[in-house]
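Worksheet: one structure, shown below.
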Amino acid sequence: MRVAEIARFYKKSTSTICTILKKKEEIRGLDAAKGVTRISKQRPRVLEDVEKLLLVWINEKRLAGDTVTENFICEKAKALYTDLVSKLPRTSTENEEGFKASRGWFDNFKRRSGIRSVVRHREAPSSDAKAAEAFATEFQKLLASECYLPEQVFNCDETGLFWKEMPKRTYVTEEENAMPGHKPMKDRLTLLFCANASGDFKVKPLLVYHSENPRAFKKCKVQKSQLNVLWRSNSRAWVTRILFVEWINEVFGPAVRRYLLEKSLPLRALLVLGNAPAHPPGFEDDLLEEFKFIKVKFLPPNTTPILQPMDQQVISNFKKLYTKALFQRCFEVTEGTNLTLREFWKNHFHIVNCLKIIDKAWDGVTKRTLNSAWRKLWPDCVLGCDLEGLAREQQPPVVDETVSLGKTVGLGVREDDIQELVEELGQEPTTDEPMDLHHEQEQVMEEISSAEEEEEKAEESPDPNEIREMCKMWETVQKFVAKHHPNKAVAVWAMNLFNDNAMSHFREILQRRQKQVSPDRFPVKVARKANDSTQATESSDSVSDRERRPTQ
């Protein structure tokens, strides 16, 4: 195609098109932050890397339910810049001090990246403690006035788990990190745990992974309905509102109902939640009618580390038990088979092994641990207040046994290594961690894209026009059901379920088709013009031939 034609089509000058074509390799090599559509040549590459990693970090914070403020973002941006500049050759103090993360930069960053709802000012930590104290007093009065029993009050919370991660100083991790081009042991899943205040009832956890059907499931003939977790998936391995409502209606509601009836207790339950994006206010409208006996109480913002029962040694104790069970499995393999630890870890430790260890670790969290976790929010429900005895019961035996198992299999770990591994997820992420997460997300999306391409090749996709027609019919059905169904909650839940599990597949096909068509739109248009002109020429030639042909 001629440059002049391209310039006319895109309404740009020919010099601009020539410049773009001349620098095509440089442009293709750019790795801009998601959402950025305009890159200035005056901006150094390190600032592009800062904003790219900063967006990853902001998304992780928001999905974890943390408050992200302007000052918080600017401080993190400066820290990222300093770390990245220090890794460049021939860096100087002037370069490190060249980026101030000013108000102007922040406003431009918001415009370029499209982020919204950033808090300008940050509350003082003292206000969080005061809010927590005031809420605890109000909460205890509510329980007393409503006559809730510890068996009827529940708390749930999400946590990430790098299920294949070893302590940093072990030779397995060092070899993994040293291998060029090898994906680090940062394969993450998200778990949602739930139990009641009395500690005698644990609800089946929700597990969210980035793959719906891992290869190990087929190899081990796993039936997801028989797992001890509710298995769900999305590309980010995060608990979303839809997945949370599914867990409430399919697992939490039925399980709590059976438990209360078996205990001959009133059919009333209170669920205490933090302010994570997965369970915002108003989700109670999505509950099925039979589970309307469940009431919800939200913790105030920035108080979950202080009041959230699951954050009071329950999740950390689970992770200690997970590490212990992991080392126990390593010991069993190295003692009972011909495999070395390196071979087992690299080729035989898969997600099905992880599920068994998760089940064992969650089962190992004791009733006393679960009950004592409410000591800050509801101290009257805790049986005995020997917290020092509880600490002695929980921590040393698990850690000591884990260290002993680690040394048995040749890992040479210490107590502080185990503590560091357990607490790693709660620490502020370093510069390398957003980088790892960014690369991990890219790899996952590449795997998903390649899998989708294979599926499309294996099975003939429906015609886009048929999909559009079907989507219109589905919209008509939704409007009719919403207008005439007597139970609005059931109708909304059923339609959302069908939307997410069935209709989303066909919408994704349409989106992929649109992405494929968009870059080709101009060449097709040019080709059509060429075909039209060719046909016109052929038509005129045929007319001329007929005119020249002698009459018979």
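How many of the residues in the range 137-184 are among the β-branched types (Val, Ile, Thr) and either open to solvent by 60 Å² or more (accessible area, probe 1.4 Å) or modelled with pLDDT under 75 (or both)?
Total meeting the criteria: 4.
Select from the range 345-356 the residues that are open to solvent by 10 Å² or more (accessible area, probe 1.4 Å) and under 21 Å from residue 212 (Cβ atoms) and write down the one among them that is modelled with the lowest pLDDT.
350
Which residues, counting only those in the range 357-392, are outside any helix (DSSP H, G or I) and either on the phi > 0 side of the Ramachandran plot or at pLDDT below 85 (or both)?
383, 384, 385, 386 - these are the residues of the range 357-392 that are outside any helix (DSSP H, G or I) and either on the phi > 0 side of the Ramachandran plot or at pLDDT below 85 (or both).
Tell me, yes or no, whether the range 275-293 has at least one residue that is at pLDDT 90 or above and in a strand (DSSP E or B).
Within the range 275-293, none of the residues are at pLDDT 90 or above and in a strand (DSSP E or B).
Within the range 185-202, how many residues turn out to be closer than 14 Å to residue 359 by Cβ and crowded, with 20+ Cβ neighbours inside 10 Å?
Count: 3.
Given (1) within 23 Å of the chain's Cα centre (by Cα); (2) open to solvent by 60 Å² or more (accessible area, probe 1.4 Å), identify the lone condition not met by residue 283.
Result: residue 283 passes all but (2).
Quick one: in the range 37-89, which of the residues that are in a helix (DSSP H, G or I) and modelled with pLDDT under 75 is farthest from residue 107 (Cα to Cα)?
Here the residue is 63.
Mind checking whether some residue in the range 317-331 is open to solvent by less than 40 Å² (accessible area, probe 1.4 Å), free of Cβ contacts under 8 Å to residues at least 24 places away in the same chain and over 19 Å from residue 367 (Cβ atoms)?
no
Residues of the range 364-378 being open to solvent by 10 Å² or more (accessible area, probe 1.4 Å) and either among the hydrophobic types (A, V, I, L, M, F, W, C) or closer than 17 Å to residue 163 by Cβ (or both), which ones?
Once the filter is applied, which keeps residues that are open to solvent by 10 Å² or more (accessible area, probe 1.4 Å) and either among the hydrophobic types (A, V, I, L, M, F, W, C) or closer than 17 Å to residue 163 by Cβ (or both), the range 364-378 yields 364, 378.
Within the range 203-225, which residues are more than 22 Å from residue 348 (Cα to Cα) and either free of Cβ contacts under 8 Å to residues at least 40 places away in the same chain or open to solvent by less than 60 Å² (accessible area, probe 1.4 Å) (or both)?
Passing the criteria: 203, 205, 206, 225.
Determine whether residue 305 is under 26 Å from the mean Cα position of the chain (by Cα), within 25 Å of residue 208 (Cα to Cα) and in a loop (DSSP other than H, G, I, E, B).
Spelling it out, it is not the case that residue 305 is under 26 Å from the mean Cα position of the chain (by Cα), within 25 Å of residue 208 (Cα to Cα) and in a loop (DSSP other than H, G, I, E, B).
Residue pairs, Cβ under 7 Å, 6 or more apart or interchain, first in the range 95-114 and closer than 17 Å to residue 44 by Cα, second modelled with pLDDT of 80 or more and open to solvent by 40 Å² or more (accessible area, probe 1.4 Å). List them.
Filtered contacts from the range 95-114: 96/82; 99/78; 101/78.
Tell me which residues, restricted to the range 465-499, are at pLDDT below 85 and either surrounded by 15 or more Cβ atoms within 10 Å (Cβ to Cβ) or on the phi > 0 side of the Ramachandran plot (or both).
Across the range 465-499, the qualifying residues are 489, 490, 491, 492, 493, 495, 496, 497.
Answer with yes or no whether residue 264 is more than 30 Å from residue 302 (Cβ to Cβ), open to solvent by 10 Å² or more (accessible area, probe 1.4 Å) and part of a helix (DSSP H, G or I).
No: the conditions fail for residue 264.
The values are calculated or read from the model by the stated rules, or taken from the named source; none is laboratory data. Just so you know, these numbers come straight off a predicted model, no measurement behind them. All Cβ positions, even for glycine, are placed from backbone atoms using ideal geometry, and neighbour counts span all protein chains on display. Calculation scope for accessible area: heavy atoms of the full protein, side chains included, ligands and nucleic acids excluded. Shrake-Rupley method; radii C 1.70, N 1.55, O 1.52, S 1.80 Å.
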